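Before any comments, here is the structure.
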Amino acid sequence: MRLEGKVAVITGAASGIGLACAKRFAQEGAKVVLSDVNEAAGETAAEALQESGADVIFVACDVGDKTQVENLMAAAVAAFGRVDTVIANAGIAHACDFLDLAEEDFDRVIRVNLKGVFLTGQAAARQMVAQGPNAAGEVGTIINMSSVNAVMAIPSITPYVVAKGGVNQLTKVMSLALATQGIRVNGIGPGSINTEMFQVVNADPEKRRAAMSRTPMGRPGEPDEVATVAVFLASSDSSYITGQTIYPDGGRLGLNYVVPVQD
């Protein structure tokens, strides 16, 4: 097991990619702290993992609130003794025509998707530096959940696109700032993934056709396919990788045309 004995904190872990990461990390031997603003779903997810034999807890946290993020890291240390890996996965989206986009909706998405990643990464890094290396000599790893929309732009989700672009630059900045501390920082930029958020697209044949026409592999990805990338970035298999964003996107970023889609 590649993460045996490590402690991982995952935000936005009540469902979707975050929950898939929690499951895969537990399977790889990690002790996992699930976190989300959705307390009911988070508690349910943690209980299900505990019943399967995983060593996990749930801690409610709004990642846009510095105090709550600091309390999250403190709860992880209180439960498991340290923090080895953090996945800043919590995120929201807001679809709206650019001319109708309200300031409060722009601010709300930026607060969670960009400020939340900064606060989570900073609190994690401070804890990692304070606690020092683990038995294997590793200080820690931070993984920021980005998106193909950090590179491409969809005008109907302006604040999401802006936030994810910021996450890519934040990942680079953090990796440079923390390299001398022994902390690696990388990002993951998923394409169309079968999560609750994608169900809006999946339920509409025309929207699904449009999404898949831009995906060379011809299908949406599964949350576990993103989680496997997270395991790689959290493990010693990626020991010389930092400041990078990996895109599990079915080939989408490399495509400048559309492909035929089978019904």
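The values are calculated or read from the model by the stated rules, or taken from the named source; none is laboratory data. Keep in mind that this is a model prediction, so the values were computed, not measured. Virtual Cβ from ideal backbone geometry, glycine too; neighbours counted across all protein chains shown.
Can residue 236 be described as surrounded by fewer than 16 Cβ atoms within 10 Å (Cβ to Cβ) and either under 20 Å from residue 116 (Cα atoms) or modelled with pLDDT of 95 or more (or both)? When the stated conditions are applied, residue 236 passes them.
Meeting the requirement of 2 or more residues that are under 15 Å from residue 11 (Cβ atoms) and touching a residue at least 60 places away in the same chain (Cβ under 8 Å), the helices (runs of 4 or more DSSP H) wholly within the range 64-142 are 66-80, 116-131. Checking each residue in the range 45-56 for being surrounded by fewer than 18 Cβ atoms within 10 Å (Cβ to Cβ), in contact (Cβ under 8 Å) with a residue 24 or more places away in the chain and not in a loop (DSSP other than H, G, I, E, B) picks out no residue at all. Filtered by the rule that a residue be under 21 Å from residue 138 (Cα atoms) and either in contact with a helix residue (DSSP H, G or I) (Cβ under 7 Å, 6 or more places away or on another chain) or exposed (fewer than 15 other Cβ atoms within 10 Å of the Cβ) (or both), the range 242-263 gives 242, 243, 245.
Filter the range 173-228 for residues that are at pLDDT below 95, among the β-branched types (Val, Ile, Thr) and surrounded by 14 or more Cβ atoms within 10 Å (Cβ to Cβ) and give the result. Hits for the range 173-228 are 195, 201, 215. Filter the range 85-101 for residues that are in contact with a helix residue (DSSP H, G or I) (Cβ under 8 Å, 6 or more places away or on another chain) and either over 14 Å from residue 187 (Cβ atoms) or not aliphatic (A, V, I, L, M) (or both) and give the result. Within the range 85-101, 85, 89, 90, 91, 92, 93, 94, 95, 96, 97, 98, 101 qualify. Could you tell me whether any residue of the range 95-104 is aromatic (Phe, Trp, Tyr), over 21 Å from the mean Cα position of the chain (by Cα) and more than 15 Å from residue 31 (Cα to Cα)? Yes, the range 95-104 has at least one match. If you go through the range 16-37 and keep only what is surrounded by fewer than 21 Cβ atoms within 10 Å (Cβ to Cβ), out of contact with any Gly (no Cβ under 9 Å at 6 or more places or on another chain) and not in a helix (DSSP H, G or I), you end up with just 28.
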